[in-house]
Amino acid sequence: MKEIIGTFRPDLFAGKDILITGGSSGIGLAIAQGFARLGGTVIALGSSESKLKAAAADPENKGIRFERVDVRDPEMINAFAKTLGKLDVLINGAGIARPEAEFEDATYMEVMDVNLNSQMRFAMAVLPLLKASRGVILNTASMLSYVSDPLVPAYGASKSGVLGLTRHLAHAFGPDGIRVNAISPGYHKTDMTRGLWTDPVPAEKIAQRSALKRWGTVDDLVGTALFLASPAAEFITGADLPVDGGFVVGSF
């Protein structure tokens, strides 16, 4: 990540407050680290006490405050939002996938709740703060907003919904100076995708469809998030930026 961070001004987010859901591990944690290393005051949220404790104890996460908030609980979200004095950037990063089980109603609804509904909940809960700062919302979509996977119908539907939500909120909040964009990660090496990248056959097949012939890392998302939250992107809103190494536009 050092090389990525080095391309930005070291005090780029000094004096800025950043809130990241799904920030205790994986992509969310990497993005939290990126903002913290550029001077931001970062709060990373998660639901797993063990992950939160491990992240808080890691010296790599110095300067990041970790808190437990269940993104499925509107009352908890609203209560937490009231504890914030100000906010400049909201990163909606919480997400889950339940391959094959998503055909069951309860699981389908849980995935939709975490991946899509929570992004709306947080946007509305912190809206007054973002109005005051003329801030930024960055939602997390997916390459499965564009292509299909027969094992995860709820994941695909929720991530497609994120794109629609992003566009609508961009216009709803734009008059208040709030920018709303999305990023669509591809195949990145995380715990969620471990079963694929640790198996040589699907791992190589996925890499070969990518234009860059490799899997992404969590660090590959950091620069994109920092850019979209920065003044360099001040006239970009309602957009989605795929970060997938060209996977979606490729073919097997």
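Each value in this text was obtained by applying a stated rule to the coordinates, not by laboratory testing. Note that the structure is predicted; figures quoted are calculated from it, not measured.
Phi angles across the range 225-233 convert, under the Karplus curve 6.51 cos²θ - 1.76 cosθ + 1.60 with θ = phi - 60°, into 3J(HN,Hα) values of 5, 5, 4, 5, 8, 9, x, 5, 10 Hz, Gly and Pro given as x. The alpha carbon centroids of the range 112-171 and the range 1-43 are separated by 20 Å. Amide hydrogen proximity for S25: with H placed 1.01 Å from N in the peptide plane, no residue at 5 or more positions away or on another chain lies under 5 Å. Its Cα gyration tensor gives the range 148-231 an equivalent ellipsoid, and the semi-axes of that ellipsoid, as √(5λ) in whole Å with the largest first, are 30, 17, 9.
When restricted to Cα atoms, the range 96-170 yields an Rg and a Dmax of 13.6, 43 Å, respectively. Per-residue Karplus couplings for the range 69-80, computed as 6.51 cos²θ - 1.76 cosθ + 1.60 with θ equal to phi - 60°, are listed in order as 9, 7, 5, 8, 10, x, 5, 5, 5, 5, 5, 5 Hz, Gly and Pro entered as x.
Taking the C-alpha atoms only, the angle from helix 26-37 to the longest principal axis of the chain is near 40 degrees.
Compute the Rg/Rh shape ratio of the chain: radius of gyration over Kirkwood radius, all on alpha-carbon atoms. Result: Rg/Rh = 0.94.
Looking at the P(r) of the range 1-150, how many percent of alpha-carbon pairs lie beyond 22 Å? So the pairs more than 22 Å apart make up 42 percent of the total in the range 1-150. Quantify how much of the Cα-Cα distance distribution of the range 1-70 extends past 21 Å, in percent. Roughly 19 percent, rounded to a whole number.
Once C-alpha pairs closer than 8 Å and six or more residues apart are averaged by separation and normalised to the residue number of the range 64-139, the relative contact order reads 43 percent.
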